[in-house]
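Novice: Handing you a structure now.
The values are calculated or read from the model by the stated rules, or taken from the named source; none is laboratory data. Computed from a predicted model, the values in this text were never measured in an experiment. Cβ atoms come from the backbone with ideal geometry, glycine included; neighbour counts cover every protein chain shown.
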Amino acid sequence: MNIKGDIHAAEELFVDGEVEGSLESQSLLTVGTNGKVKANIKAKEVVVFGSVRGNIEVTEKIAIRDDGSVIGDIKTSGISIDDGAYFKGNIDISRPEPKSVPKAPKAETPIRAAVG
């Protein structure tokens, strides 16, 4: 199957054909072994078994598996690249925002004055 255009999905997306344009998923995006993507990708999580030509922006983690191939820049908070995988581009690893912990209120020390 060949798709040219923009794809937006709220659920998991599995691509095992040819896609040209842009891909966006609010969940997991998997490029299957037969998948050939020429698109910029934005997703929560990405797994690549096929080939991707384009920039990838992931909020959580990207994994490039054994025979997977990525040519493009990656922005993510976590990455794994298996032996045998191919990657050419730049990686920008961003740390997730630390969860703010409410500070405990300071105990006030009473002031005592002696009047004499």
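Novice: Say we look at segment 44-60 and pick out the residues that are within 17 Å of residue 89 (Cβ to Cβ) and touching an Asp or Glu at 6+ places or on another chain (Cβ under 7 Å); which of these is surrounded by the fewest Cβ atoms within 10 Å (Cβ to Cβ)?
Specialist: 55
Novice: Under 6 Å between Cβ atoms, which residue pairs at least 6 apart in sequence (or on different chains) link something in segment 6-20 that is over 17 Å from residue 58 (Cβ atoms) and of a type outside the set (Val, Ile, Thr) with a partner that is modelled with pLDDT under 95 and not in a strand (DSSP E or B)?
Specialist: Pairs that qualify, where the first residue is over 17 Å from residue 58 (Cβ atoms) and of a type outside the set (Val, Ile, Thr) and the partner is modelled with pLDDT under 95 and not in a strand (DSSP E or B), are 17/1.
Novice: On to the next question. Checking the conditions here, which among 92, 83 is over 23 Å from residue 6 (Cβ atoms) and not in a strand (DSSP E or B)?
Specialist: Details: 92 fails: not in a strand (DSSP E or B).
After ruling out the rest, the residue left standing is 83.
Novice: Keeping to segment 65-80, report how many residues are of a type outside the set (Val, Ile, Thr), in contact with an Asp or Glu (Cβ under 9 Å, 6 or more places away or on another chain) and not in a loop (DSSP other than H, G, I, E, B).
Specialist: Result for segment 65-80: 1.
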